[in-house]
Amino acid sequence: MTTTRTADTAPLDPSLDASIEHACARIAPTWPLDRMIAVNPLWSWVDQPMPQVASRLAALCGARLHMPRSWALAQWQAGRLTLGHLRQAIERAHAPCTPQQLIDWMTSPQPTVARRERITDVADAARDTAHQPRWADFVTHHLSQTCAAYFDDGQAQLRPDPSVGLYAYWLRHARADLSPLLQMGAGHVRAQLRALPPDPQQSIAQALHALGVPAHEREAYLLSLLLDIQGWAAWCAYLRWQARLAGQDDDHIVQLLAMRLAWERVLHDGLNDAQLAERWRQARQRWAAVDAHADEVLRLDSLLLDAAEIAYQSGLCQGLVQANMTPRDTPPAVQAVFCIDVRSEVFRRALE
């Protein structure tokens with residue numbers, strides 16, 4: 001189902017439209033099981049170098065793309081990673097460091113890379129999460145249940161009417177849902193949900209304004225929310241991908257984003273806590289520092305990964321050269337070429 005703006009919908013700031021589009025474009029599509037193909041979940045980041053993607057994802061959602069330092073240290077101690085490999089990695093990256101710094105880095109404790117805080121994180125920091133459910137878990141579960149019901153494809157006997165739209169379906173049921181009161185002790189939520197606008201794009205615009213998110217941080221903040229529900233976001237990205245192949249469009253991923261952002265606004269407005277508001281202001285101010293810390297911490301991890309890749313390539317190339325130089329009296333019994341598709345993996349592994 002694709003929704004369009006009606007004539008009585010106020011126009012949005014074009015820069016906000018761009019922020020929404022760019023955030024949604026960072027989510028790679030996932031295919032249904034009956035048509036499953038192997039898709040790199042980071043495929044939509046191919047325009048950026050891996051070190052930059054690694055630090056970005058670490059700051060936005062806590063994802064880690066590097067092997068732990070203990071693994072690099074094991075490679076070093078086994079002799080598979082050498083001083084020459086470290087030097088080559090540093091030279092390729094024109095990095096302002098020495099091989100000894102990389103060696104010291106391998107033997108140092110694995111640091112923790114902080115993640116940008118969202119309203120759910122700020123609200124959870126004020127809860128006794130050892131005895132109370134976390135808002136982050138509640139919101140993810142709530143949205144997942146909504147998407148599972150809405151996108152049901154013939155499994156349930158009763159399913160929602162897809163013509164109403166994902167956001168409208170969620171809003172209607174969320175306003176009647178008692179689980180925020182019963183599970184989270186938040187009786188204010190239903191009133192806050194009733195105050196949300198019916199248009200998902202307007203809901204996004206109003207929420208960003210209410211939350212005080214600066215214009216230059218919109219894209220990163222919206223992307224962090226999509227990464228929080230990446231599975232369903234990837235499904236919505238697939239629907240958009242299929243629609244655009246046919247020369248059309250699909251905005252389910254925008255509606256899903258509006259739903260996740262709406263929970264941020266509901267918690268921000270409904271808790272009405274001066275201390276929480278101040279903690280949220282401080283959290284926004286820390287976003288730039290979180291990004292910088294991720295860049296610094298993961299910079300040397302990226303060099304270690306490059307050094308390990310250089311070591312692997314070196315050994316592989318030597319093996320290929322030696323194999324080509326070995327005379328064969330008879331042709332090989334089998335020469336097989338496989339696609340990377342998961343359906344051929346069982347055969348490939350058996351042959352290997």
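Given a Förster radius of 30 Å and the C-beta distance between Ala246 and Ala176 as r, what FRET efficiency does 1/(1 + (r/R0)^6) yield to the nearest 0.05?
Numbers: r = 36 Å, r/R0 = 1.18.
The pair Ala246/Ala176 has a calculated efficiency of 0.25.
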Log10 I(q)/I(0) at q = 0.11, 0.15 Å⁻¹ for the chain, from Debye over equal alpha-carbon scatterers, is -0.90, -1.32
What is the angle, in °, between the Cα long axis of helix 83-93 and the longest principal axis of the Cα atoms in the chain? Nearest 10 is fine, range 0 to 90.
50
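Where does the range 163-233 land on the Kirkwood hydrodynamic radius, alpha-carbon pairs, in angstrom?
Working: mean 1/r = 0.0723 Å⁻¹.
That comes to 13.8 Å for the range 163-233.
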Principal-axis tilt of helix 252-271 within the chain, Cα atoms, nearest 10 degrees:
60
Relative intensity, log₁₀ I(q)/I(0), of the range 15-115 from a Debye sum that treats every alpha carbon as a point, q = 0.17 Å⁻¹:
-0.98
Be a star and scan the range 105-138 for residues whose amide nitrogen sits under 15 Å from the point 7 Å along the Cα-to-Cβ vector of Glu278.
126
Alpha-carbon centroids, the range 218-271 and the range 307-350: separation in whole Å
42
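Quick check of the Kirkwood formula: for the range 253-352, what is the inverse mean of 1/r over all pairs of different Cα atoms, in Å?
Numbers: mean 1/r = 0.0487 Å⁻¹.
Value: 20.5 Å, from the Cα pair sum.
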Quick note on Val321, Val337, ordering by fewest other C-beta atoms within 10 Å, gives Val337, Val321
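Can you give the percent of C-alpha pairs in the range 164-286 whose distance is more than 21 Å?
Working: 3336 of 7503 pairs.
Looking at the range 164-286, the distances longer than 21 Å represent 44 percent of pairs.
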Whole number please: convex hull volume per residue of the Cα set in the range 257-303, in Å³?
90
Using the basic label-point model (7 angstrom from Cα toward the beta carbon), what is the Val321 to Ala288 distance in nanometres?
5.0
With +1 on each Lys and Arg Cβ and -1 on each Asp and Glu Cβ, and nothing else charged, work out how big the dipole of the chain is about its Cα centre, in Debye to the nearest 20.
400
Helix 230-245 axis, angle to the chain major axis (alpha carbon atoms, nearest 10°):
90
On the formula 1/(1 + (r/R0)^6), with r taken between the Cβ atoms of Ala210 and Met67 and R0 of 56 Å, the FRET efficiency rounded to 0.05 is 0.85
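Read-outs: derived from the displayed coordinates by stated rules, not from any lab. In this text the structure is predicted, and so the values were computed from the model without any measurement. Neighbour counts run over all protein chains shown; Cβ positions are idealised from the backbone, glycine included.
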